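Q: Take a look at this one; I'll ask things after.
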Amino acid sequence: MIQQTTPVSPLGGPAIPAPPPPQPFTLRLVIGLIGILIASLFSGLNDRVSDIALADVRGALNISSDPGSWAIGAYQAAEVAAMMLAPWFAMTFSLRRFAIGVAIGFSLVAAVLPYSPNISVFIALRIVQGIFGGALPPLLMTAALRFLPPGIKLYGLSAYALTATFGPNIATTLAAYWTDVVGWQWVFWQVIPPCLLAASMVSYGIPQDPSRFERFKQMDVVGMLTGSSGIALLVLVLQQGERLDWLSSPLIVVMLLSSVGLLSVFFVNEWSHPLPLFKLQMLKRHNLSHGLLTLGGLMTLVLSGSALPSSYMESVQGFRAVQVGPLSLTIGLPQLLLAPLVATVLNFRWIDSRYILLGGLGLIGVSCYGGSHLTESWARENFYWLQIMQAFGQPMAILPVLMGATGVVQPPEGPFASAMFNTVRGLGSVLGTAVVGEFSSQREQFHSNVLLNHAGSVSALLSQPYDGDGTYLAPLNPEGSAVSTEALSAFSSLVKRQATVLGLSDSYLMIIGVAIALALLTVLLPKRAYPPQSLVKKAD
């Protein structure tokens, strides 16, 4: 008989209380887990939909462009900071109580947001909603690691993967539907019915653990303050950097230096604290380190299936969100079948999950290679075959990462893993958006200069005889005068469109580079991971 002992910290005191006893896997528990999944999905949707519909929201609330961008940045900063803290509070107040409270709070703030009297109140409410919204995805991973039996744990992780593959890819369609058909207020109100339903399902299905208020005696106050503040400032730097011209802005410099200082204190503190937010010693496990690095990189890769096609269709072809939506749905809707299918494949012991991961990266890379041949004549139909490869590649890349990383996590360490994974995922999403956006912008400027320099060096490209038929191949007359203001404007638009196409093409190539780097990391770092149920059978 094995005697259960109380874990101790590196400092000699009690550190991690014994985990709650295993719960029987019943239909009632399944209902509770589905409730957490629903709340987590709509938390991600809220962020993405409000970002896409920002122009309509700003117009309705009479908010100018710059304050509107801070409303998005404040939400994302609060969201990522909350991802870091949520597992600790869920363990302290109990998963059931914390999930219900967060889901209801998220809904209440959504209900009043459209009635904000001014921009200050609006941003303050967005911060509060970001805290509630960011607390929900970590609860899904925490619950999956704790409650799911080995035989279906991968299906639970596939549900978690939906928050990265399904939700963001249906956001464009939802944003267009709310703003064009129903009403802009539903950009915020959309979360209320599902989150209230989720709260009732959690209340019914998730078992009630006793509160652990004794954890406050070992509360990581320094880590909470420095970690959440540092990560929030870093998110704001990434979100506002391009608009404020990065290090040319004193505000960006101050926020960046403050973030670096706070996060440095945070990591030093976490290494020795008896009850940390991040258990950094776990990073010695190769599969966990690989999982965190790869998950962060994958947040950049998934933009090749959403942000880049949308940017092309809107900037070059002049499409609206409602017309771009079908492209994202081509990736999003199949995830309801493909994610469980990939989990089924991974459950076979003879299949090496690393090869599935490499296959997923390969499909995304081939899709990006196809996208790099983008031209101004492309229509929506040209993207569908690229989107289909993305639909298969994204779950094939994300699920093996989750399987390999969580396979080396013991049940008492679930909250630590959840905090690290979700923080990296949230920060990776913001970082990926910033990197792709800045890269595309810089390459667009480069190609614009090259096109203009080339046109200026070849006089026939800028001037031509005017025959009076109303058709202009160039904006200048032979003596150098402008044909008309309209001709100059048309030429400028033509150059901008071509530069945008070339910049997006380069962005696809850049993402291929990220995919290759992740593939090399997969070859070098992780050990082979086996499905959870096979490990149990082997131990028996």
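The values are calculated or read from the model by the stated rules, or taken from the named source; none is laboratory data. What you are looking at is a predicted structure, and each value in this text was computed from that prediction instead of being measured. When we count neighbours, we look across all protein chains shown, and the Cβ atoms used for this are built from the backbone with ideal geometry, even at glycine. What goes into the accessible areas is simple: the full protein's heavy atoms, side chains included, and nothing from ligands, DNA or RNA. Shrake-Rupley method; radii C 1.70, N 1.55, O 1.52, S 1.80 Å.
Q: Which number gives the lysine pairs in the chain that have C-alpha atoms under 30 Å apart and are eight or more places apart or on different chains?
A: Lysine pair count for the chain: 15.
Q: Another question about this same structure. In Å², and per residue, what accessible area does the chain have when probed at 1.4 Å with the other protein chains present?
A: 43
Q: With each label point set 7 Å from Cα along the Cα-Cβ vector, what nm distance links I192 and R28?
A: 3.2
Q: In degrees, nearest 10, range 0 to 90: what is the angle between the Cα axis of helix 153-165 and the longest Cα principal axis of the chain?
A: Approximately 30 degrees, to the nearest 10.
Q: Next question, about the same structure. Could you grab the Rg to Rh ratio for segment 112-207? Cα atoms only, Kirkwood for Rh.
A: 1.04
Q: Sticking with this one: Want the number for I388 to V322: 0.36 nm per residue separation, take away the alpha-carbon distance, what's left?
A: 21.8 nm
Q: In the P(r) worked out for the chain, what percent of Cα pairs fall beyond 45 Å?
A: 17
Q: Any chance you could run the full-extension gain for S489 through D66? It's 0.36 nm times the residue separation minus the Cα-Cα distance, nm to one decimal.
A: Contour length minus Cα-Cα distance gives 149.6 nm.
Q: I would also like to ask the following. Could you give the length gained by full extension between Q208 and V181, i.e. 0.36 nm per residue of separation minus their alpha carbon distance, to one decimal place?
A: Gain on stretching Q208 to V181: 5.6 nm.
Q: OK, next. For a paramagnetic label modelled at 7 Å from the Cα of H454 toward its Cβ, which residues of segment 488-511 fall within the zone defined by backbone nitrogen distances under 13 Å?
A: Backbone N within reach: 495-496, 498-503.
Q: Sticking with this structure for a sec: Tell me the angle of helix 384-406 to the major Cα principal axis of the chain, expressed in degrees between 0 and 90 and rounded to the nearest ten.
A: It works out to around 30 degrees.
Q: Suppose R0 equals 25 Å. What FRET efficiency, 1/(1 + (r/R0)^6) with r the Cβ-Cβ distance, do L283 and L524 give to the nearest 0.05?
A: E between L283 and L524, to the nearest 0.05, is 0.95.
Q: Apply the Karplus curve 6.51 cos²θ - 1.76 cosθ + 1.60, θ = phi - 60°, to the phi angles in segment 23-38 and return the couplings in whole Hz, x for Gly and Pro.
A: Per-residue couplings from phi come out as 9, x, 7, 10, 4, 4, 5, 4, 4, x, 5, 5, x, 5, 4, 4 Hz.
Q: Sticking with this one: Using a 1.4 angstrom probe on heavy atoms only, work out the carbon and sulfur share of the accessible area of the chain in %.
A: 67
Q: Another question, then. Report, to the nearest 10°, how far helix 119-147 tilts away from the longest principal axis of the Cα atoms in the chain, using its own Cα long axis and a range of 0 to 90°.
A: Once rounded, the angle reads 50 degrees.
Q: In what sequence, highest mean first, do 516-525, 180-189 appear when ranked by Cβ atoms within 10 angstrom?
A: By packing density, highest mean first, the sequence is 180-189, 516-525.
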